[in-house]
Amino acid sequence: MSILDRIQYPSDLKRLAVADLPEVANALRDEILVQVGKNGGHLGASLGAVELTLALHFVFDTPRDQLVWDVGHQAYGHKIITGRRDRFATLRQRHGISGFPKRDESEYDTFGVAHASTAISAALGMAIARDLKKDDFKVVAVVGDGALTGGMAFEALNNAGVLKKDLIVVLNDNRMSISHNVGALHRYLTQITSGKMYNHLQADVWELLGHLPRGGVKARRVARKIKESIKTLVVPGVIFEELGFRYFGPVDGHNVEFLVQTFQHIKDLNGPILVHAITQKGKGYPFTENAPDCAHGVTRYDKVPGDIPAKKGNPSYTGVYGKTILELAKSDERIVTITAAMPDNTGLTEFGRVFPERMFDVGIAEQHGVTFAAGLATRGVIPVVTIYSTFLQRAYDQIIHDVAIQNLPVRFVLDRGGIVGEDGPTHHGAFDLSYLRLVPNMVIMSPKDENEMRHMVKTLVDYDRGPIAMRFPRGEGLGVPLDATLVPVSIGVSETLSSGRDVVFVAIGAMVRPAVAAAEQLRAQGVDAGVVNARFVKPLDAAMLDRVAASDAFVFTVEDNTVQGGFGSAVNEYWVVRGYDASSLKNLGLPDRFIDHGDRDGLMAELELDPPGLVKAALHAIGARRGNVRSIAS
């Protein structure tokens, strides 16, 4: 029987002795490893935060005391001991529990998170609300050191230090976010474990203490003050104390008994407090400790340490992109790449190895990354900003004000466009076509397969008349042959794959393949269906739309973006301006709601954006119109 069988909620945890908590930590790690092995997930961060999780719930009165997790990758252990162990096997599955804290899932999830650097701001808001309502509870934010590369975290620290509200920030310092952390702050934080000056001075002071006579109480007191002064000068606490926080640490983030003691000592202190805990991402198992970047987000595996299977099948879109941009960079030294703490996940690791001086990882700082790219573009460099679709939302003001208004040729590559699957609504790339389409001067394109994507990478690198964006989906490509020679795609020109007298699917990006499959199924049922690969959301191919509108076919726009303001909306606007019959046009895409987590194929089927769903929509629409058709010119 596992000790976890005795723990359903934090109240059960509090019935144990502090000396029992290391056993709980080991059992909790095993539980996380087993269940993530079944469903995949964010393994390394949660393994590293086990002791912090136990100590916080042991000391604080959750859920009355508000515990706010930054990002949420750390929170699997939190979910298990807050009433969800019996559902943990459904992690990230359709209708199962979320991979991130989620307010409507549990009262212990005080704030929904999945993007970094938000916890301190949210926690400060909770603390202010508490005081305005004259309530009495503690607020604790758990923030990874990677999150401190994001400017929003420092905006919150700065504000909290001025307001002087009771607030505890726990810095979970594992020296990694997803990829290795970058920047001056990261170097500053690691001084505590590697700084020669501190270690030498500390050794000298301890040697002095050892030689003082036993009766020399005053001398010993002076020596200890000297030691503390030296520490204040050289350890990371200085920056936080200057921001108005009382700094405690660094402490061993895996010594659960000492963590409990520390939190018990500081929980009733007034004002903003920062506890600096040193942890190891992937703690507990050699394969996760030795490769924490690989264990960040893993697919299913067997519970054998290190047995994370290699992905099989077609090359991923991300991998093909990475090889293509590197290929182009070898022949054009002006090309540089920019990513926000994700060189591995955006295919740029090899680019950084080959051209370390031309690959810039700016940390979790998308806003800075975009404006940094704008500065590069003013001097004739070719900056390629490569960021997940959902994360680029954080830099929207910079896209408009710093890039588009000045019409600077910044190239945007949006990975994970459309439905991404198990990470859910915070990670679906559901809005990029909409939020980019309304920006003047912006060109937007999306490839039907990985080979067309290679040509689009060449297109955006060559395009120098203003900002341009390309988005592609998560996961494997279609396995099509890859052309050796790259040729730019003509801006605003679509590709007619087949003509149809009854139905035409005008599809963009990853939705072209389902549209082709649907057209084949319709033709088998006697419906003449065609498919157009739109390629561009902006500018639209006006000549193609005129041809389609002039026919008697029923036209469906198909996209894996919200229908509000997306590709279909652009076609609608064109239709209205030209005075075409809108009754023959229908938009298929993501509905006006947030899509929950689950397997991507299952979600697309539920949304009726798979081939059977497209067939159903077509058969329903054309109905009585059959027989009154004429062919669409290619």
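The values are calculated or read from the model by the stated rules, or taken from the named source; none is laboratory data. Since the model is a prediction, treat every value here as computed from it, not as a measurement. Quick reminder, even Gly has a Cβ in these numbers, built from the backbone with ideal geometry, and neighbours come from all protein chains shown.
Could you tell me whether GLY48 is surrounded by fewer than 24 Cβ atoms within 10 Å (Cβ to Cβ), within 25 Å of ALA147 (Cβ to Cβ), in contact (Cβ under 8 Å) with a residue 40 or more places away in the chain and not charged (D, E, K, R)?
Numbers: surrounded by fewer than 24 Cβ atoms within 10 Å (Cβ to Cβ): no; within 25 Å of ALA147 (Cβ to Cβ): yes; in contact (Cβ under 8 Å) with a residue 40 or more places away in the chain: yes; not charged (D, E, K, R): yes.
So GLY48 fails the test.
With surrounded by fewer than 17 Cβ atoms within 10 Å (Cβ to Cβ), at pLDDT 95 or above and in the same structural domain as MET604 (by TED's automatic domain parsing) as the only criterion, which of ALA515, ALA524 stands out? Before the answer, list the steps.
On the way: ALA515 fails: surrounded by fewer than 17 Cβ atoms within 10 Å (Cβ to Cβ).
From the options ALA515, ALA524, the qualifying one is ALA524.
Among the residues of segment 165-175, are any over 14 Å from ILE239 (Cα atoms) and over 27 Å from the mean Cα position of the chain (by Cα)?
Within segment 165-175, one or more residues are over 14 Å from ILE239 (Cα atoms) and over 27 Å from the mean Cα position of the chain (by Cα).
Determine the pairs where a residue that is among the hydroxyl-bearing types (Ser, Thr, Tyr), located within segment 430-452, has a partner that is surrounded by 19 or more Cβ atoms within 10 Å (Cβ to Cβ) and assigned to a loop (DSSP other than H, G, I, E, B) with Cβ atoms under 6 Å apart, the partner being 6 or more residues away or on another chain.
Matching pairs, first to second residue: SER434/GLY566; SER446/ILE508.
Residues to consider are ILE81, ILE97; find the one that is more than 23 Å from the chain's Cα centre (by Cα) and either in a helix (DSSP H, G or I) or not assigned by TED's automatic domain parsing to the domain that holds LEU392 (or both).
ILE81
If you scan segment 583-620, which residues turn out to be touching a Ser or Thr at 6+ places or on another chain (Cβ under 7 Å) and closer than 25 Å to ASP502 by Cα? Before you say what the answer is, go through the steps one by one.
Of all residues in segment 583-620, those touching a Ser or Thr at 6+ places or on another chain (Cβ under 7 Å) come to 587-590, 592, 597.
Hits for segment 583-620 are ASN587, LEU588, GLY589, LEU590.
Name the single residue that is farthest from MET342 (Cα to Cα) among those in segment 135-147 being modelled with pLDDT of 80 or more and under 15 Å from the mean Cα position of the chain (by Cα).
Narrowing segment 135-147 to residues modelled with pLDDT of 80 or more: 135-144, 147.
Retained after the next criterion (residues that are under 15 Å from the mean Cα position of the chain (by Cα)): 144, 147.
On the way: GLY144: 15, ALA147: 13 Å.
Filtering first and then ranking leaves GLY144.
Among the listed residues LEU478, LEU486, which satisfies the condition of being surrounded by 16 or more Cβ atoms within 10 Å (Cβ to Cβ), of a type outside the set (S, T, N, Q) and at pLDDT 95 or above? Spell out the reasoning first.
On the way: LEU478 fails: surrounded by 16 or more Cβ atoms within 10 Å (Cβ to Cβ).
After applying the criteria, what remains is LEU486.
Scan (1) over 19 Å from LYS458 (Cβ atoms); (2) surrounded by 23 or more Cβ atoms within 10 Å (Cβ to Cβ) for the single condition ASN533 breaks and write down its number.
Single failed check for ASN533: (1).
What number of residues within segment 148-172 are modelled with pLDDT of 90 or more, buried (at least 18 other Cβ atoms within 10 Å of the Cβ) and not in a helix (DSSP H, G or I)?
Residues in segment 148-172 being modelled with pLDDT of 90 or more, buried (at least 18 other Cβ atoms within 10 Å of the Cβ) and not in a helix (DSSP H, G or I): 8 in total.
Given the conditions (1) of a type in the set (A, V, I, L, M); (2) more than 24 Å from the chain's Cα centre (by Cα); (3) closer than 23 Å to GLU327 by Cα, report the number of the one that MET445 does not fulfil.
Failing condition for MET445: (2).
Just the residues that are more than 15 Å from MET442 (Cα to Cα), within 20 Å of the chain's Cα centre (by Cα) and in contact (Cβ under 8 Å) with a residue 60 or more places away in the chain, please, taken from segment 367-385.
The answer is GLN367, HIS368.
Working only within segment 472-520, note down all residues that are in contact (Cβ under 8 Å) with a residue 60 or more places away in the chain, in contact with a strand residue (DSSP E or B) (Cβ under 7 Å, 6 or more places away or on another chain) and among the aliphatic types (A, V, I, L, M).
Of everything in segment 472-520, those that are in contact (Cβ under 8 Å) with a residue 60 or more places away in the chain, in contact with a strand residue (DSSP E or B) (Cβ under 7 Å, 6 or more places away or on another chain) and among the aliphatic types (A, V, I, L, M) turn out to be VAL503, VAL504, VAL506, ILE508, ALA510, MET511, VAL512, ALA515, ALA518.
Go through (1) surrounded by 22 or more Cβ atoms within 10 Å (Cβ to Cβ); (2) on the phi > 0 side of the Ramachandran plot for GLY40 and report which single condition fails.
The number of the failed condition is (1).
Which of (1) under 27 Å from the mean Cα position of the chain (by Cα); (2) in a helix (DSSP H, G or I); (3) surrounded by fewer than 18 Cβ atoms within 10 Å (Cβ to Cβ) is the odd one out, the single condition ARG103 does not satisfy?
Answer for ARG103: the failing condition is (2).
If a residue must be modelled with pLDDT of 90 or more, in a loop (DSSP other than H, G, I, E, B) and surrounded by 20 or more Cβ atoms within 10 Å (Cβ to Cβ), how many such residues does segment 106-134 contain?
Selection size over segment 106-134: 3.
Only one of these conditions is not met by PHE505: (1) of a type in the set (Phe, Trp, Tyr); (2) in the same structural domain as GLY421 (by TED's automatic domain parsing); (3) more than 19 Å from PHE412 (Cα to Cα). Which number is it?
Only one criterion in (1) of a type in the set (Phe, Trp, Tyr); (2) in the same structural domain as GLY421 (by TED's automatic domain parsing); (3) more than 19 Å from PHE412 (Cα to Cα) is unmet by PHE505, namely (2).
Say whether the condition of being of a type in the set (Gly, Ala, Ser), crowded, with 24+ Cβ neighbours inside 10 Å and outside the structural domain of ALA507 (by TED's automatic domain parsing) is met by at least one residue in segment 444-456. Walk me through how you get there before you give the answer.
Step one: of segment 444-456, the residues of a type in the set (Gly, Ala, Ser) are 446.
Now restrict to residues that are crowded, with 24+ Cβ neighbours inside 10 Å: 446.
Now drop any that are not outside the structural domain of ALA507 (by TED's automatic domain parsing), which leaves 446.
Yes, segment 444-456 has at least one match.
Mind checking which residues of segment 387-415 are without any contact (Cβ under 8 Å) to a residue 60 or more places away in the chain and under 22 Å from THR324 (Cβ atoms)?
Step one: of segment 387-415, the residues without any contact (Cβ under 8 Å) to a residue 60 or more places away in the chain are 387-388, 392-393, 395-398, 400-402, 405-406, 408-412, 414.
Within segment 387-415, ILE387, TYR388, LEU392, PRO409, VAL410, ARG411, PHE412, LEU414 meet the criteria.
For segment 492-552, give me every one of the strands (runs of 3 or more DSSP E) that falls completely inside it and has 2 or more residues that are more than 24 Å from ILE419 (Cβ to Cβ).
On the way: elements: 495-498, 503-507, 529-533, 536-538.
Filter on segment 492-552 gives 495-498.
If you take the residues of segment 17-31 that are under 22 Å from PRO63 (Cα atoms) and in contact (Cβ under 8 Å) with a residue 24 or more places away in the chain, which of them is surrounded by the fewest Cβ atoms within 10 Å (Cβ to Cβ)?
If we take residues in segment 17-31 being under 22 Å from PRO63 (Cα atoms) and in contact (Cβ under 8 Å) with a residue 24 or more places away in the chain, then VAL18 is surrounded by the fewest Cβ atoms within 10 Å (Cβ to Cβ).
Residue check, VAL439 against (1) in contact with a Ser or Thr (Cβ under 7 Å, 6 or more places away or on another chain); (2) surrounded by 17 or more Cβ atoms within 10 Å (Cβ to Cβ); (3) in a loop (DSSP other than H, G, I, E, B), all met but one. Which one?
(1)
For the subset of segment 51-84 comprising residues that are aromatic (Phe, Trp, Tyr) and surrounded by 24 or more Cβ atoms within 10 Å (Cβ to Cβ), which member is modelled with the lowest pLDDT? If you could, list the steps in order and put the result at the bottom.
Keep residues of segment 51-84 that are aromatic (Phe, Trp, Tyr), which gives 58, 60, 69, 76.
Now restrict to residues that are surrounded by 24 or more Cβ atoms within 10 Å (Cβ to Cβ): 69, 76.
Values: TRP69: 92, TYR76: 89.
For segment 51-84, the residue satisfying everything is TYR76.
Within segment 418-435, restricting attention to residues that are surrounded by fewer than 24 Cβ atoms within 10 Å (Cβ to Cβ) and outside any loop (DSSP other than H, G, I, E, B), which residue is modelled with the lowest pLDDT?
Within segment 418-435, the match that is modelled with the lowest pLDDT is GLY424.
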